[in-house]
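Data first, discussion second: the structure below is written as C-alpha coordinates.
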Amino acid sequence: MATTCWADEDCPLGLSSPTQKPFTISRPLTRTNSLEQSNTESTRKGKEERMKPQKMDGKSKPGVPYGGMTDTWVKKHRLIYIGATRHPFILSIRDGTVDLPAFKRWLGQDYIFVRAFVPFVASVLIRAYEKGDESSGDMEVILSGLGSLNDEIAWFKQEASKWGVDLSQVAPEKPTQHYCRFLEELMRPEVDYTVAMAAFWAIEAVYQESFAHCLEEGSKTPPELKEACQRWGNDGFGHYCSSLRNIADRLLEKAASGSMPLVKVSEDVVSKAEVTFLRVLEYEVDFWNMSCGTAGHSAPKP
Ligand SMILES: Cc1ncc(CNC=O)c(N)n1
(Lines give C-alpha, C1' and ligand atoms only; values in the text may rest on other atoms or scores of the structure.)
Protein backbone atom coordinates (compact mmCIF):
# COMPACT_ATOMS: atom_id res chain seq x y z
CA MET A 1 0.00 0.00 0.00
CA ALA A 2 1.34 3.39 -0.89
CA THR A 3 2.23 5.39 2.17
CA THR A 4 1.64 8.67 0.37
CA CYS A 5 -2.00 8.13 -0.52
CA TRP A 6 -4.50 8.52 2.21
CA ALA A 7 -6.76 5.76 3.28
CA ASP A 8 -10.45 6.66 3.36
CA GLU A 9 -10.53 7.49 7.05
CA ASP A 10 -7.55 9.82 6.64
CA CYS A 11 -9.04 11.85 3.85
CA PRO A 12 -9.62 15.33 5.32
CA LEU A 13 -12.30 16.05 2.75
CA GLY A 14 -14.17 12.94 3.79
CA LEU A 15 -14.84 12.19 0.14
CA SER A 16 -14.78 8.45 0.52
CA SER A 17 -16.18 8.24 3.99
CA PRO A 18 -19.66 6.75 4.07
CA THR A 19 -20.74 9.06 6.87
CA GLN A 20 -19.28 12.30 5.57
CA LYS A 21 -20.09 12.60 1.92
CA PRO A 22 -20.05 16.27 1.03
CA PHE A 23 -22.43 15.64 -1.83
CA THR A 24 -24.39 12.74 -3.16
CA ILE A 25 -26.66 12.62 -6.14
CA SER A 26 -29.65 10.55 -5.28
CA ARG A 27 -32.05 12.48 -7.48
CA PRO A 28 -31.70 15.16 -10.14
CA LEU A 29 -30.61 18.47 -8.70
CA THR A 30 -33.03 21.30 -8.45
CA ARG A 31 -31.57 24.61 -9.38
CA THR A 32 -30.60 27.17 -6.79
CA ASN A 33 -32.95 30.01 -5.98
CA SER A 34 -30.85 32.46 -7.92
CA LEU A 35 -30.97 30.26 -10.98
CA GLU A 36 -34.69 29.67 -10.62
CA GLN A 37 -35.31 33.40 -10.49
CA SER A 38 -33.19 34.06 -13.53
CA ASN A 39 -36.11 35.45 -15.49
CA THR A 40 -37.02 38.12 -12.98
CA GLU A 41 -36.02 41.64 -13.90
CA SER A 42 -33.75 42.29 -10.90
CA THR A 43 -31.82 39.04 -11.23
CA ARG A 44 -31.37 39.49 -14.93
CA LYS A 45 -30.04 42.99 -14.40
CA GLY A 46 -27.63 41.79 -11.72
CA LYS A 47 -26.41 39.06 -13.99
CA GLU A 48 -25.81 41.44 -16.88
CA GLU A 49 -23.73 43.59 -14.57
CA ARG A 50 -21.64 40.64 -13.47
CA MET A 51 -21.10 39.53 -17.05
CA LYS A 52 -20.16 42.98 -18.30
CA PRO A 53 -16.38 42.75 -18.12
CA GLN A 54 -16.50 39.48 -20.01
CA LYS A 55 -16.87 39.09 -23.71
CA MET A 56 -18.75 35.86 -24.29
CA ASP A 57 -16.89 35.14 -27.48
CA GLY A 58 -15.11 31.91 -26.57
CA LYS A 59 -11.79 33.74 -26.21
CA SER A 60 -9.67 33.06 -23.15
CA LYS A 61 -9.18 35.62 -20.44
CA PRO A 62 -6.76 34.23 -17.90
CA GLY A 63 -6.93 35.83 -14.48
CA VAL A 64 -10.28 37.48 -15.10
CA PRO A 65 -12.86 36.39 -12.53
CA TYR A 66 -15.80 34.55 -13.98
CA GLY A 67 -19.39 35.47 -13.49
CA GLY A 68 -21.00 32.69 -15.46
CA MET A 69 -22.93 29.60 -14.52
CA THR A 70 -19.80 27.44 -14.26
CA ASP A 71 -18.46 29.84 -11.63
CA THR A 72 -21.70 29.45 -9.65
CA TRP A 73 -21.33 25.66 -9.81
CA VAL A 74 -17.68 25.67 -8.74
CA LYS A 75 -18.56 27.81 -5.72
CA LYS A 76 -21.69 25.84 -4.87
CA HIS A 77 -19.94 22.46 -5.09
CA ARG A 78 -16.60 23.64 -3.75
CA LEU A 79 -15.90 20.58 -1.58
CA ILE A 80 -16.09 18.02 -4.35
CA TYR A 81 -14.38 20.42 -6.78
CA ILE A 82 -11.42 20.64 -4.39
CA GLY A 83 -11.63 16.87 -3.90
CA ALA A 84 -11.08 16.44 -7.64
CA THR A 85 -8.45 19.16 -8.19
CA ARG A 86 -6.43 18.75 -4.96
CA HIS A 87 -6.57 15.00 -4.61
CA PRO A 88 -3.96 13.19 -2.45
CA PHE A 89 -2.53 11.64 -5.65
CA ILE A 90 -1.86 15.10 -7.08
CA LEU A 91 -0.57 16.38 -3.72
CA SER A 92 1.84 13.43 -3.59
CA ILE A 93 3.24 14.42 -7.01
CA ARG A 94 3.52 18.01 -5.83
CA ASP A 95 5.37 17.14 -2.62
CA GLY A 96 7.60 14.60 -4.37
CA THR A 97 6.45 11.60 -2.32
CA VAL A 98 4.48 9.96 -5.13
CA ASP A 99 4.51 6.22 -5.22
CA LEU A 100 5.93 5.00 -8.56
CA PRO A 101 3.58 2.02 -9.02
CA ALA A 102 0.69 4.49 -8.49
CA PHE A 103 2.04 6.79 -11.18
CA LYS A 104 2.42 3.85 -13.59
CA ARG A 105 -1.11 2.67 -12.82
CA TRP A 106 -2.41 6.18 -13.52
CA LEU A 107 -0.43 6.28 -16.80
CA GLY A 108 -1.86 3.01 -18.13
CA GLN A 109 -5.43 3.78 -17.08
CA ASP A 110 -5.31 7.35 -18.37
CA TYR A 111 -4.15 6.11 -21.77
CA ILE A 112 -7.32 4.00 -21.95
CA PHE A 113 -9.40 7.00 -20.83
CA VAL A 114 -7.85 9.34 -23.38
CA ARG A 115 -8.55 6.91 -26.23
CA ALA A 116 -12.23 6.98 -25.22
CA PHE A 117 -12.12 10.75 -24.78
CA VAL A 118 -11.21 11.29 -28.48
CA PRO A 119 -14.56 10.08 -29.91
CA PHE A 120 -16.36 12.04 -27.19
CA VAL A 121 -14.60 15.27 -28.23
CA ALA A 122 -15.31 14.39 -31.88
CA SER A 123 -19.01 14.06 -30.99
CA VAL A 124 -18.95 17.53 -29.39
CA LEU A 125 -17.34 18.86 -32.57
CA ILE A 126 -20.17 17.40 -34.64
CA ARG A 127 -22.73 19.08 -32.36
CA ALA A 128 -20.94 22.43 -32.73
CA TYR A 129 -21.01 21.99 -36.51
CA GLU A 130 -24.69 21.06 -36.48
CA LYS A 131 -25.51 24.18 -34.49
CA GLY A 132 -24.43 26.09 -37.57
CA ASP A 133 -23.16 29.14 -35.63
CA GLU A 134 -19.96 29.76 -37.56
CA SER A 135 -19.24 33.11 -35.91
CA SER A 136 -19.13 31.59 -32.39
CA GLY A 137 -15.70 30.06 -33.05
CA ASP A 138 -16.69 26.93 -31.09
CA MET A 139 -15.49 24.54 -33.79
CA GLU A 140 -12.00 26.04 -33.86
CA VAL A 141 -11.61 25.63 -30.09
CA ILE A 142 -12.83 22.02 -30.12
CA LEU A 143 -10.73 21.18 -33.15
CA SER A 144 -7.61 22.48 -31.40
CA GLY A 145 -8.46 20.14 -28.52
CA LEU A 146 -8.70 17.19 -30.88
CA GLY A 147 -5.32 18.16 -32.36
CA SER A 148 -3.63 18.12 -28.97
CA LEU A 149 -5.20 14.76 -28.16
CA ASN A 150 -3.31 13.39 -31.14
CA ASP A 151 -0.03 14.54 -29.56
CA GLU A 152 -1.22 13.30 -26.20
CA ILE A 153 -1.72 9.73 -27.39
CA ALA A 154 1.79 9.74 -28.86
CA TRP A 155 3.10 11.12 -25.53
CA PHE A 156 1.39 8.35 -23.54
CA LYS A 157 3.08 5.70 -25.71
CA GLN A 158 6.47 7.34 -25.30
CA GLU A 159 6.02 7.86 -21.55
CA ALA A 160 4.84 4.27 -21.09
CA SER A 161 7.95 2.90 -22.75
CA LYS A 162 10.08 5.23 -20.56
CA TRP A 163 8.54 3.69 -17.41
CA GLY A 164 8.38 0.14 -18.74
CA VAL A 165 4.58 0.03 -18.95
CA ASP A 166 3.27 -2.25 -21.71
CA LEU A 167 0.08 -0.45 -22.79
CA SER A 168 -1.16 -3.47 -24.78
CA GLN A 169 -1.30 -5.40 -21.50
CA VAL A 170 -3.18 -2.80 -19.46
CA ALA A 171 -6.75 -3.83 -18.66
CA PRO A 172 -9.23 -1.10 -17.71
CA GLU A 173 -10.00 -0.98 -13.99
CA LYS A 174 -13.61 -0.48 -12.82
CA PRO A 175 -13.39 3.34 -12.41
CA THR A 176 -11.91 3.61 -15.92
CA GLN A 177 -14.66 1.42 -17.35
CA HIS A 178 -17.33 3.49 -15.62
CA TYR A 179 -15.84 6.79 -16.73
CA CYS A 180 -15.54 5.57 -20.35
CA ARG A 181 -19.14 4.35 -20.27
CA PHE A 182 -20.20 7.79 -19.02
CA LEU A 183 -18.42 9.38 -22.02
CA GLU A 184 -20.30 7.02 -24.32
CA GLU A 185 -23.60 8.04 -22.72
CA LEU A 186 -22.75 11.68 -23.37
CA MET A 187 -22.31 10.87 -27.06
CA ARG A 188 -25.94 9.78 -27.41
CA PRO A 189 -28.01 11.97 -29.76
CA GLU A 190 -30.51 12.94 -27.03
CA VAL A 191 -27.77 14.67 -25.01
CA ASP A 192 -27.85 18.42 -25.54
CA TYR A 193 -24.79 20.27 -26.89
CA THR A 194 -24.84 22.48 -23.76
CA VAL A 195 -24.68 19.42 -21.46
CA ALA A 196 -21.88 17.79 -23.48
CA MET A 197 -19.93 21.07 -23.55
CA ALA A 198 -20.23 21.51 -19.77
CA ALA A 199 -18.87 17.98 -19.29
CA PHE A 200 -16.05 18.62 -21.77
CA TRP A 201 -14.97 21.78 -19.93
CA ALA A 202 -15.14 20.10 -16.50
CA ILE A 203 -13.07 17.08 -17.63
CA GLU A 204 -10.30 19.31 -19.02
CA ALA A 205 -10.46 21.82 -16.14
CA VAL A 206 -9.87 19.17 -13.46
CA TYR A 207 -6.62 18.09 -15.12
CA GLN A 208 -5.53 21.66 -15.79
CA GLU A 209 -6.07 22.78 -12.19
CA SER A 210 -4.57 19.61 -10.74
CA PHE A 211 -1.36 19.56 -12.74
CA ALA A 212 -0.85 23.34 -12.69
CA HIS A 213 -0.77 22.98 -8.88
CA CYS A 214 2.21 20.60 -9.25
CA LEU A 215 4.15 23.28 -11.15
CA GLU A 216 3.46 26.21 -8.82
CA GLU A 217 6.30 27.83 -6.92
CA GLY A 218 7.29 25.82 -3.89
CA SER A 219 6.20 22.49 -5.36
CA LYS A 220 8.65 19.60 -5.14
CA THR A 221 7.49 17.67 -8.20
CA PRO A 222 10.20 15.16 -9.20
CA PRO A 223 11.95 16.30 -12.45
CA GLU A 224 10.99 13.06 -14.25
CA LEU A 225 7.28 13.84 -13.68
CA LYS A 226 7.46 17.51 -14.67
CA GLU A 227 6.74 16.75 -18.33
CA ALA A 228 3.49 14.99 -17.44
CA CYS A 229 2.47 18.00 -15.31
CA GLN A 230 3.45 20.41 -18.09
CA ARG A 231 1.14 18.62 -20.51
CA TRP A 232 -1.98 19.77 -18.66
CA GLY A 233 -0.56 22.43 -16.37
CA ASN A 234 0.94 24.74 -19.01
CA ASP A 235 -0.51 28.19 -19.77
CA GLY A 236 -1.66 27.20 -23.26
CA PHE A 237 -3.79 24.43 -21.82
CA GLY A 238 -5.07 26.96 -19.28
CA HIS A 239 -6.17 29.28 -22.11
CA TYR A 240 -7.84 26.39 -23.90
CA CYS A 241 -9.79 25.52 -20.72
CA SER A 242 -10.87 29.17 -20.38
CA SER A 243 -12.14 29.03 -23.97
CA LEU A 244 -14.11 25.86 -23.23
CA ARG A 245 -15.49 27.50 -20.11
CA ASN A 246 -16.59 30.58 -22.04
CA ILE A 247 -18.37 28.40 -24.60
CA ALA A 248 -20.12 26.44 -21.83
CA ASP A 249 -21.09 29.66 -20.02
CA ARG A 250 -22.47 31.21 -23.21
CA LEU A 251 -24.60 28.12 -23.98
CA LEU A 252 -25.80 27.87 -20.36
CA GLU A 253 -26.63 31.56 -20.25
CA LYS A 254 -28.68 31.20 -23.38
CA ALA A 255 -30.52 28.20 -21.96
CA ALA A 256 -31.17 29.92 -18.60
CA SER A 257 -32.26 33.25 -20.07
CA GLY A 258 -35.41 31.74 -21.47
CA SER A 259 -34.59 33.11 -24.90
CA MET A 260 -35.18 29.67 -26.31
CA PRO A 261 -38.68 28.84 -27.52
CA LEU A 262 -39.25 26.12 -24.92
CA VAL A 263 -38.33 27.64 -21.57
CA LYS A 264 -39.09 24.47 -19.62
CA VAL A 265 -36.87 22.41 -21.89
CA SER A 266 -34.01 24.87 -21.64
CA GLU A 267 -34.27 24.98 -17.82
CA ASP A 268 -34.05 21.23 -17.89
CA VAL A 269 -30.85 21.53 -19.92
CA VAL A 270 -29.27 23.74 -17.25
CA SER A 271 -30.06 21.34 -14.40
CA LYS A 272 -28.90 18.36 -16.47
CA ALA A 273 -25.66 20.18 -17.17
CA GLU A 274 -25.14 20.82 -13.44
CA VAL A 275 -25.73 17.15 -12.61
CA THR A 276 -23.32 16.19 -15.39
CA PHE A 277 -20.69 18.57 -13.98
CA LEU A 278 -21.00 16.85 -10.59
CA ARG A 279 -20.78 13.41 -12.12
CA VAL A 280 -17.55 14.40 -13.89
CA LEU A 281 -16.09 15.48 -10.54
CA GLU A 282 -17.10 12.16 -8.95
CA TYR A 283 -15.59 10.14 -11.80
CA GLU A 284 -12.40 12.17 -11.52
CA VAL A 285 -12.16 11.52 -7.76
CA ASP A 286 -12.75 7.80 -8.40
CA PHE A 287 -10.05 7.85 -11.07
CA TRP A 288 -7.49 9.44 -8.71
CA ASN A 289 -8.51 7.02 -5.92
CA MET A 290 -7.89 4.12 -8.28
CA SER A 291 -4.47 5.53 -9.18
CA CYS A 292 -3.62 5.68 -5.47
CA GLY A 293 -4.82 2.15 -4.96
CA THR A 294 -7.78 3.21 -2.83
CA ALA A 295 -10.44 1.90 -5.16
CA GLY A 296 -13.19 3.64 -3.23
CA HIS A 297 -16.07 5.41 -4.90
CA SER A 298 -17.01 8.94 -4.05
CA ALA A 299 -20.73 8.32 -4.40
CA PRO A 300 -23.09 5.70 -5.75
CA LYS A 301 -23.98 6.21 -9.41
CA PRO A 302 -27.59 6.18 -10.48
C1 LIG B 1 -9.32 10.99 -16.20
C2 LIG B 1 -8.90 12.14 -17.05
N3 LIG B 1 -9.56 13.30 -16.98
C4 LIG B 1 -9.19 14.35 -17.74
C5 LIG B 1 -8.13 14.25 -18.61
C6 LIG B 1 -7.71 15.45 -19.43
N7 LIG B 1 -8.18 15.37 -20.76
C8 LIG B 1 -7.48 14.81 -21.74
O9 LIG B 1 -6.39 14.38 -21.66
C10 LIG B 1 -7.45 13.02 -18.66
N11 LIG B 1 -6.38 12.83 -19.46
N12 LIG B 1 -7.85 12.00 -17.85
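Results, tabulated for the structure shown:
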read-out: Selection count where residues are more than 30 Å from G218 (Cβ to Cβ) and within 16 Å of the ligand (Cβ to nearest atom), scope the stretch 112-140; value: 12
read-out: L183 vs. criteria modelled with pLDDT of 95 or more, under 17 Å from V114 (Cα atoms) and of a type outside the set (G, A, S); value: yes
read-out: Residue within the stretch 66-77 that is under 20 Å from the mean Cα position of the chain (by Cα), within 28 Å of L278 (Cβ to Cβ), of a type in the set (D, E) and modelled with pLDDT of 95 or more present; value: yes
read-out: Residues being more than 15 Å from the ligand (Cβ to nearest atom), closer than 24 Å to F103 by Cα and in a loop (DSSP other than H, G, I, E, B) - total across the stretch 164-196; value: 4
read-out: Matching residues, the stretch 88-131, being surrounded by 17 or more Cβ atoms within 10 Å (Cβ to Cβ), assigned to a loop (DSSP other than H, G, I, E, B) and either of a type in the set (D, E, K, R) or within 20 Å of the chain's Cα centre (by Cα) (or both); value: D99
read-out: Residue that is farthest from the ligand (Cβ to nearest atom) [pool: residues in the stretch 197-237 that are in a helix (DSSP H, G or I) and basic (K, R)]; value: K226
read-out: Matching residues, the stretch 134-147, being crowded, with 17+ Cβ neighbours inside 10 Å and either not in a helix (DSSP H, G or I) or not aliphatic (A, V, I, L, M) (or both); value: S136, D138, G145
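The values are calculated or read from the model by the stated rules, or taken from the named source; none is laboratory data. Bear in mind the structure is a predicted one, so any value in this text is a computation, not a measurement. Positions of Cβ are backbone-derived with ideal geometry, glycine not excepted, and every protein chain shown enters the neighbour counts.
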